[in-house]
Protein chains: 2
Amino acid sequence: MTLTSTWALFLTTHAVLVEKIEAALKKADLPPLTWYDVLWALERAPEHRLRMHELAQGVVLSRSNLTRLVDRLETARLVKRIQATDDKRGAYSVITPAGLAMRTRMWPIYLREIENLFNAHLKPAEDAVMREALRRILKASRIADD
Amino acid sequence: MTLTSTWALFLTTHAVLVEKIEAALKKADLPPLTWYDVLWALERAPEHRLRMHELAQGVVLSRSNLTRLVDRLETARLVKRIQATDDKRGAYSVITPAGLAMRTRMWPIYLREIENLFNAHLKPAEDAVMREALRRILKASRIADD
DNA sequence: TGATAATAATTGCAATTGCAACTATAATTT
DNA sequence: AAATTATAGTTGCAATTGCAATTATTATCA
């Protein structure tokens, strides 16, 4: 099966690499990529906390999915929920010390895969082109909201 | 949230675009992307048929997932299974006329999204760079099988 | 040949996801 | 201010996925 279009290549590459990264994490007895994403988003956030809807935005996940993902992280004590004081409907998700530790533990494994599977095969110029193009695509997608 | 690394952009772009494409298909009362992939793989294949494991390879899906995906396509009469004569363990999946018709019906919707969300934002030179880079990454991933 | 290992595909079951409905609160309108 | 609409987050339930085990058949090799 020879893929011709850039889009088809994009899709297939994503599927293959993500599959391999998930396998590497699992092999190291670590949680899946989605957990990493959430932990990292929270770690970067001011005060290590984010409202649920902000988090959902950041990690590109539906609200209901995020609710349950955070449930799982919470039972693993990597995150905790805090009732928002200003808006009584809202909740913050805050990363715990254990969460920070887990993120740190996952990173080298994840990084190694990114390096080996992705970065290693991109020349600096290509990397730059791709980054700029993807940024443009992403930006456009936010505007042209069908 | 400003994404810096190319990999992070790659992941996010994928998530956002796929979500939009799925939404567009659903809005047009059409089946999801995975169905398209299977139908298209079969349409391209010699005699419009592929063994289950070949198909799984082609669409980057686990075997068991494919079994059930083909189940669904089969109940929708878009595909049918045929016992392999040479290898009694095996089964072929063959696209039906209705399957061909469905693929044809899905394509314009899918194409429109690809064009608007992806292609429209890539200059020809960028497209070429990206295609070549992705091909290289994909090829490497097949070799370096961890 | 007969035993052993490998491959093809499916199945059972648990975990995750998607979608629509629901609860609670906040914002807007008249 | 009351009524209406919108937003935040969760929940129920069905559909899909992931993983390990299973069945059937084919390939290997001692």
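Read the figures in this text as sums done on the coordinates, not as results from a lab. The model shown is predicted, which means the values in this text are computed figures rather than measured ones. Heads up, the Cβs are rebuilt from the backbone with ideal geometry, glycines too, and the neighbour counts pull from every protein chain shown.
In the set (1) surrounded by 13 or more Cβ atoms within 10 Å (Cβ to Cβ); (2) without any contact (Cβ under 8 Å) to a residue 60 or more places away in the chain; (3) aliphatic (A, V, I, L, M); (4) closer than 24 Å to A:T4 by Cβ, the condition left unmet by B:L111 is number (1).
For B:E43, the conditions (1) more than 10 Å from DNA strand C (Cβ to nearest atom); (2) more than 21 Å from A:L3 (Cβ to Cβ); (3) surrounded by fewer than 16 Cβ atoms within 10 Å (Cβ to Cβ) are fulfilled apart from (2). For B:M106, state whether it is within 8 Å of chain A (Cβ to nearest Cβ) and either free of Cβ contacts under 8 Å to residues at least 40 places away in the same chain or assigned to a helix (DSSP H, G or I) (or both). So B:M106 does not fit the description; no.
Going by the conditions given, is A:Y92 aromatic (F, W, Y) and touching a strand residue (DSSP E or B) at 6+ places or on another chain (Cβ under 9 Å)? In short, yes.
Counting only residues that are β-branched (V, I, T) and in contact (Cβ under 8 Å) with a residue 40 or more places away in the chain, region A:8-25 holds 1 of them. Suppose the filter is surrounded by 13 or more Cβ atoms within 10 Å (Cβ to Cβ), more than 7 Å from chain B (Cβ to nearest Cβ) and either polar (S, T, N, Q) or assigned to a helix (DSSP H, G or I) (or both); does A:L134 pass it? No: the conditions fail for A:L134. Selection of region A:82-108 for residues being exposed (fewer than 11 other Cβ atoms within 10 Å of the Cβ) and not hydroxyl-bearing (S, T, Y) yields A:Q83, A:D86, A:D87, A:K88, A:R89, A:P97, A:P108. Counting only helices (runs of 4 or more DSSP H) wholly contained in region B:1-71, the ones carrying 2 or more residues that are among the aromatic types (F, W, Y) occupy B:6-27, B:33-44.
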